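Here is the structure we will look at, set down as structure tokens.
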Amino acid sequence: MVFNENFEIELNNIKNEALTKLTDINKIDLLEIWKQEYLGRKSKFNDLLKLLGKIDSIEQKKSIGELANTIKETLNQSYENYQQSLSELEITKQIETESIDITLPGLNRKSGHYHPLSLICQRIGNIFQGMGFNQVFGPEIETNYYNFDALNIDFDHPARDEQDTFYTNVAPHVLLRSQTSTVQIRAMEKTNPPLKIISIGRVYRNEEINARKYPIFHQVEGLYVNKNVNFGQLKWTLQKFINLFFERDLKTRFRPDFFPFTEPSAEVDCECPFCETQGCKTCGYKGWLEILGCGMVHPNVLKNIGPNYENYEGFAFGMGVERLAMIKFGINDIRYFYNNDIRFIEQF
Amino acid sequence: MKFSYSWLNDFVNLSNISPQSLADKLTNYAFEVEEVSTYGANIVGPIIAGKILEINPHPNADKIRLTKVQISDTEIRDIVCGAWNIEVGNVVPVALPGALVLNRHDNSVLPIKKSKIRGQTSDGMLCSAAELGLNNNDSNGIYILDNFYPGQNLIEKLYLNQDFILHIEPRSNRPDALSHFGMAREIAAIYDFPLIEPQTNLDEFKQHCENFLKLNIIIENLDDCPYFLLAALKNFKALPSPLKIQRRLESIGVRSINFIVDITNYVLHEMGQPMHAYDYNKLNQNNNFIVRKGLPNEVITAIDNREKILDSTNLIIANDSIPLGIAGIMGGKDSEISDTTNTIVLESATFNAKTIRHSSRKLGLSSDSSLRFERGVIKANNLISLQRAIYLILNYGLAQNPDLKYSSVFAQGNSESDLVELTVNLIKINSTLGLALTIVQVSNILMRLGFKIVSTDNNELVVTPPNYRLKDITSPIDVIEEIARLYGYENIPINKADSIDSLPSNTNISNLANSVLVGYGFNEIWTSSLIPKNISANSIRVLNPISRDHEVLRESLIPGLIEVFKYNLDRQYKDIWIFENAFTYTIKDNNNSSTQSLNPKTTNVQETRMLSALIYGNNENSNWLAHTKETDYCAYFRLKGILENVLTNLGMDLNLITYEIINHPQLHPGRSAKFAYNADIKTDLGIIGELHPQINHKFNLKNRACIFELDLNKCEQYQAKAKFKSIAVTPVVSRDITIDVLKNILQQDLKSAIINYADSKLINCELTSLYHLNENTTSLTYRLNFQDPNTTLTAIEIDSIIDLIKLNLSKNYQVTFR
Ligand SMILES: [Zn+2]
């Protein structure tokens, strides 16, 4: 019996010793050593339990066994509690030591910028695509046929003069297109009516460089051909475009004009968005800005395409991308677009 | 072009229309008014001619005197005057109380009041020319009037009223509106006001008509000159140009020359018909006027005193063999009107627009006349303009030249124009404009514009355009345009346009490439496609360049990129990352060009969309963590990495791309390559390389710059469409393999050999380290990742693949493994 009592006392001593030691532990690795010492395979506790077999009485065996299990559970529980609180403590410490000045600058690359003309072309393209216009493209190096003949521009028209158009050494009829209206013809030749297209592209005019003019610039050309297309629809389309482009409702003014490939033709002014027709520097104190030219497609142009365009009507319009960009962004010199000063491009 | 408001008022009553509202109206009806300015000072009456009856000293002052001035049959005024050029009996301008004149010191408005000057009453003011806003030389003294009598209203007689000048953009298709009468006709149509015809009826001067000579007109070619008129006047003695005519011409910027020339200029601006006057006495008197082409080296001194050498491009008027003038452009010095001219020959003609344009270009000489002939004068206008000139000469000249005689008109050619009948369909009018006009409305509009309605039925009108609109109205659509214009564009209701089916849109490879580069921190640039002439013989040249800097079409974006690079370097930019996405231009195939060029619809030019980028320096923001900067050596690989990402984003398989060293004038010969796509056939895609050390040196660069250029058209051709592959769940196994190779073996060859020898279980192969062992040997480590989507690969399986790779590598290359 003494052996039994000793056994119980011994077990409780180990338990008390272990729990006392535990109170001094403040690090995870020390806790792991403690675990080895009291709960590991080679722990005092296990050594003691190996002696359990020497007890004869089944009852005693059972009661000591139960005690041993209770103690083991208590120690395991304590271990887990300590582990939990110790790791929390360590994270708290890490947080305390690792705080930074969150106002220091971010580490980044400079962001790149699109050229302002890119942005304007995308904007124009998106607006017209929203109205059901398909975007198409045509070549910049063109023929007399597409640049003039097909557009009802007489052989003798002053626009054909060398003073306005660049001719090339490729062949006498090959020139740098002076307008994107060429794409109208190319699109109609390829497609049966109805069709509704825009084309944005580069054009060339033989002009001296100054703040307003550059021999290279870009145009947007629009064309809608269908049965019963009328001037009122042209007005709707362009009014809509101007409102969407300038992001506000602006008054427009359709003035009669003359272009060989449209009839009736109009020049469209919009209310100056900077001064609301009061007059300012941007609009040259006129209160109105000349935005684009347009009109009903001339029957001769349709007739030239072929019989499939008979009985159809259409409207067409054209506008300068640089001019729209200059108005939109308040740029006063067209040369900025082609100097490509990074301080300029980075503003957009 | 300048138009005088008061002059327009001669032909259409504008008393209820202000100059500004007229300008706004014209702007909305096809004639853009750029500006409305004033002419003359704002002088207001009563300003009366007064006769000086007495001049007496002022009792309290030495420098001023007292005058008594008769201003009507019954009324005499006391007026104090400070000027000393007046004498008793002079007729002078008198501004009465209530008048506004100009302050001669500062040109401000000077209101006239009854006042006391040093104790003496002054009931008005005697005026100098300057005080009335007149540009007389003698501006210091009082304006002494000739041929005036007391009581005459000088506001009317001296044309002192302020006028308004409308600056109207001339329309190339409307030669009929290049004159005051023509513009007034347009205004009358717009407002639906009656038109007042100019006075051209010579009946009242019938007794001055006399056939005192006969003129012969010979026209060599009626195409150049369809109609030619002459008339003569004799017994002319020089006299001052009428004040009204001088003022009107001056108001539109035409200098007064002399009586006859001023009248011809007046008719030009009033009727739109250029006129010319010859001094008959200076001709060789055989009375032959020949309209012919110039002869080689024929010479004429024009009235601008310059000698012109003529040739067959120029049309001339000759007196027998002697050139008198350059037809339609400028007269000759030798037959110019002078103070002694006694007999005058007036010319009014129609010349071919093209002929005059070529003649004018050839001589580099243009005038108010040539400007109008180039746009086309109206034949029907020739005779009435000539009559108008004679009318004005007699009207203003007879008082001082009572013996003046005029001849009948001598004509050659044909004054008839072919009248066109145009049939316009009402349904077409309404469908084009989106309106519902009736036949009556349409007829009314057309009649206002001078059209004749030949016939109408329910749906159709047959009309004839007026003879001054034969040039621009030739088809029914021209008539519809005129209806729209007069109806008013602002009155056409807005209709929503239908949407129609979309065309298939091609994926925009350009936008994709741009967005990758912008994301990398590149700034987009747009450069000129016309660049300076270069050495390339194939480049497309512009035959009429504006300058040497814009002479050929670029075949590459690189020159533009380097220019913009330089531009920004010069502006102290240290880190430059730029790109351009644009076209280059080349002639397609020289062999076929001769046959191709015959086709008027083709150009034989290839336009290729290229993407080109340049990096210089670092585009990271200043790095306060002070990481070590990369070495120059890395610029090439840095850009190559970006290029590879662009290609991947465009759907290109990087494993099919090979690089090959090249020689390019702008690139470092040891650090530049062209790269190609090896799909079915090998296709060059572009080039990449470091800027040539010579350029580096020239630009004094501190870092290395690197460039690539990529053919986007080709990328579009080979672009793979994204396609989903199911994601394997089996583990990926990695193995490193380290190979020592001779330096001259290209890494790209080694890598593709590895990929070739491995089977499909190799999913990627990446170079993870490179180490130069010695001058000749490099050690490369590749990480190979293996995966079989169906089973987990065993170590044995992978070992056997690796062994196979090693075996094949050692067979083909001089390699050792570690
Ligand atoms: Zn404004």
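The values are calculated or read from the model by the stated rules, or taken from the named source; none is laboratory data. For clarity, every value in this text was computed on a predicted model and none was experimentally measured. Don't worry about glycine lacking a Cβ; one is built from the backbone with ideal geometry, like all the others, and counts go over all protein chains shown.
Summary of computed values
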{"item": "Residues that are more than 11 Å from every other protein chain (Cβ to nearest Cβ) and of a type outside the set (Ser, Thr, Tyr), drawn from the range A:288-314", "result": "A:Leu289, A:Ile291, A:Leu292, A:Gly293, A:Asn304, A:Ile305, A:Gly306, A:Pro307, A:Asn308, A:Glu310"}
{"item": "Hits in the range A:45-84 (condition: assigned to a helix (DSSP H, G or I) and crowded, with 16+ Cβ neighbours inside 10 Å)", "result": "A:Phe45, A:Leu48, A:Leu49, A:Gln60, A:Ile64, A:Ala68, A:Ile71, A:Lys72, A:Leu75, A:Ser78, A:Tyr79, A:Tyr82"}
{"item": "Filter result (more than 37 Å from the chain's Cα centre (by Cα) and in a helix (DSSP H, G or I)) within the range B:384-426", "result": "B:Gln387, B:Ile390, B:Tyr391, B:Leu392, B:Ile393, B:Leu394, B:Asn395, B:Tyr396, B:Gly397"}
{"item": "Residue in the range B:43-51 that is small (Gly, Ala, Ser), in contact with a helix residue (DSSP H, G or I) (Cβ under 7 Å, 6 or more places away or on another chain) and surrounded by fewer than 21 Cβ atoms within 10 Å (Cβ to Cβ) present", "result": "yes"}
{"item": "Filter result (part of a strand (DSSP E or B) and crowded, with 21+ Cβ neighbours inside 10 Å) within the range B:92-102", "result": "B:Val92, B:Pro93, B:Val94, B:Ala95, B:Val101"}
{"item": "Residue list for the range A:226-257, restricted to those being aromatic (Phe, Trp, Tyr) and under 18 Å from B:Ala436 (Cβ atoms)", "result": "A:Phe231, A:Trp236"}
{"item": "Selection status of B:Ile384, closer than 30 Å to B:Cys209 by Cα, aliphatic (A, V, I, L, M) and surrounded by 21 or more Cβ atoms within 10 Å (Cβ to Cβ)", "result": "no"}
{"item": "Count - residues of the range B:62-74 that are under 16 Å from B:Met125 (Cβ atoms) and not in a strand (DSSP E or B)", "result": "1"}
{"item": "In the range B:427-458, the residues that are within 26 Å of A:Trp236 (Cα to Cα) and either assigned to a helix (DSSP H, G or I) or touching a Leu at 6+ places or on another chain (Cβ under 6 Å) (or both)", "result": "B:Ile427, B:Lys428, B:Ile429, B:Asn430, B:Ser431, B:Thr432, B:Leu433, B:Gln441, B:Val442, B:Ile445"}
{"item": "Residue tally, condition modelled with pLDDT of 90 or more and more than 7 Å from chain A (Cβ to nearest Cβ), over the range B:490-511", "result": "1"}
{"item": "Some residue of the range B:175-188 being over 30 Å from B:Lys25 (Cβ atoms), part of a loop (DSSP other than H, G, I, E, B) and not β-branched (Val, Ile, Thr)", "result": "no"}
{"item": "A:Ile327, sole failed condition from (1) more than 13 Å from every other protein chain (Cβ to nearest Cβ); (2) within 13 Å of the ligand (Cβ to nearest atom); (3) assigned to a strand (DSSP E or B)", "result": "(3)"}
{"item": "The lone exception for B:Ser6 - which of (1) more than 25 Å from B:Cys127 (Cα to Cα); (2) surrounded by 14 or more Cβ atoms within 10 Å (Cβ to Cβ); (3) among the small types (Gly, Ala, Ser) it fails", "result": "(1)"}
{"item": "Within the range A:217-234, tally of residues that are in a strand (DSSP E or B), out of contact with any Phe, Trp or Tyr (no Cβ under 6 Å at 6 or more places or on another chain) and at the interface with chain B (Cβ under 8 Å from one of its Cβ atoms)", "result": "1"}
{"item": "Per-region count, the range B:145-169, residues assigned to a strand (DSSP E or B) and surrounded by 17 or more Cβ atoms within 10 Å (Cβ to Cβ)", "result": "6"}
{"item": "Sole exception among (1) at pLDDT 90 or above; (2) of a type in the set (A, V, I, L, M, F, W, C); (3) surrounded by fewer than 19 Cβ atoms within 10 Å (Cβ to Cβ) for A:Leu292, by number", "result": "(3)"}
{"item": "Leading residue by the ranking (nearest to B:Leu8 (Cα to Cα)) among those in the range B:252-268 that are in contact with an Asp or Glu (Cβ under 8 Å, 6 or more places away or on another chain) and either among the charged types (D, E, K, R) or outside any loop (DSSP other than H, G, I, E, B) (or both)", "result": "B:Leu268"}
{"item": "Answer residue from the range A:178-196, given it is within 10 Å of chain B (Cβ to nearest Cβ) and not in a helix (DSSP H, G or I) and is farthest from the chain's Cα centre (by Cα) among those", "result": "A:Pro193"}
{"item": "Selection status of B:Gly89, in a loop (DSSP other than H, G, I, E, B), touching a residue at least 12 places away in the same chain (Cβ under 8 Å) and small (Gly, Ala, Ser)", "result": "yes"}
{"item": "Matching residues, the range B:541-585, being part of a helix (DSSP H, G or I) and of a type in the set (Ser, Thr, Tyr)", "result": "B:Tyr567"}
{"item": "Some residue of the range B:326-335 being more than 36 Å from the chain's Cα centre (by Cα) and within 17 Å of B:Met275 (Cβ to Cβ)", "result": "yes"}
{"item": "Exclusive hit being small (Gly, Ala, Ser), at negative phi and either surrounded by 15 or more Cβ atoms within 10 Å (Cβ to Cβ) or in the same structural domain as B:Cys634 (by TED's automatic domain parsing) (or both), set B:Ser760, B:Ser769, B:Ser752", "result": "B:Ser752"}
{"item": "Any chance A:Arg343 is in contact (Cβ under 8 Å) with a residue 60 or more places away in the chain, away from the ligand (no atom under 16 Å from the Cβ), out of contact with any strand residue (DSSP E or B) (no Cβ under 9 Å at 6 or more places or on another chain) and under 25 Å from B:Trp526 (Cα atoms)", "result": "no"}
{"item": "Residue count, the range A:75-101 (criterion: β-branched (Val, Ile, Thr) and within 14 Å of chain B (Cβ to nearest Cβ))", "result": "1"}
{"item": "Residue match in the range B:445-459 (condition: closer than 19 Å to B:Ile384 by Cβ, away from chain A (no Cβ under 14 Å) and within 33 Å of the chain's Cα centre (by Cα))", "result": "yes"}
{"item": "Hits in the range B:391-429 - residues which are among the hydrophobic types (A, V, I, L, M, F, W, C), in contact (Cβ under 8 Å) with a residue 24 or more places away in the chain and closer than 29 Å to B:Asn235 by Cα", "result": "B:Leu392, B:Ile393, B:Leu394, B:Leu398, B:Leu404, B:Val409, B:Phe410, B:Ala411"}
{"item": "Close pairs from the range B:343-364: first more than 14 Å from chain A (Cβ to nearest Cβ), partner of a type in the set (D, E, K, R), Cβ under 7 Å, at least 6 apart", "result": "B:Thr343/B:Lys234; B:Ile344/B:Asp279; B:Thr350/B:Lys379; B:Phe351/B:Asp224; B:Leu363/B:Lys308"}
{"item": "Residue within the range B:241-251 that is assigned to a loop (DSSP other than H, G, I, E, B) and acidic (Asp, Glu) present", "result": "no"}
